[in-house]
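The values are calculated or read from the model by the stated rules, or taken from the named source; none is laboratory data. Everything numeric in this text was worked out from a predicted model, so none of it was measured. Here the Cβ is made from the backbone with ideal geometry for all residues, glycine too, and neighbour counts use every protein chain on show.
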Amino acid sequence: MTWATLLSEQVWNIVLVGGILSSVFAAAAGFIKRNATDPMRELLDHLRAITERARTTTDPADVDVLRQELSTIAVKIAMLGYERHSGYEQFAPLQLAFENTRDAVEALRAKADLSPAAAYYGARTGTA
């Protein structure tokens, strides 16, 4: 057995062990990344909840609360886009959901403005 043979075997051992370790690290990183929460998914879920509340509520006072939540989400969307350096294509689903939610909140506002309670309140305060 020569020194060249021993060195060759050690090199192959290092390559084999290095390959195994890199595979284990890649699998662990993939598992951790898969279990991480996606902020975009959270924003979509929050937008869906606001849309459902806007469609089902009958209280005109909810309009201001929903509008404030919607503007908070708009800021979060802008921050997420800036942090990710994202383009329009990546945010198209989020923009569509945001516009849908905004329309639902505006429909609730229009319905609240036409409600008898809003008319009574406006007549009493002089804002009608």
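Per the conditions (1) at pLDDT 70 or above; (2) surrounded by 14 or more Cβ atoms within 10 Å (Cβ to Cβ), the sole criterion not satisfied by ALA118 is (1).
Taken as a whole, the condition of being in a helix (DSSP H, G or I) and closer than 30 Å to ASN100 by Cα applies to ASP45. For the criterion of being in the same structural domain as ASN100 (by TED's automatic domain parsing) and among the charged types (D, E, K, R), GLU42 passes.
If you go through the range 57-87 and keep only what is over 15 Å from PRO39 (Cα atoms) and either touching a helix residue (DSSP H, G or I) at 6+ places or on another chain (Cβ under 8 Å) or not assigned by TED's automatic domain parsing to the domain that holds ASP45 (or both), you end up with THR57, PRO60, ASP62, VAL63, LEU66, ARG67, GLU69, LEU70.
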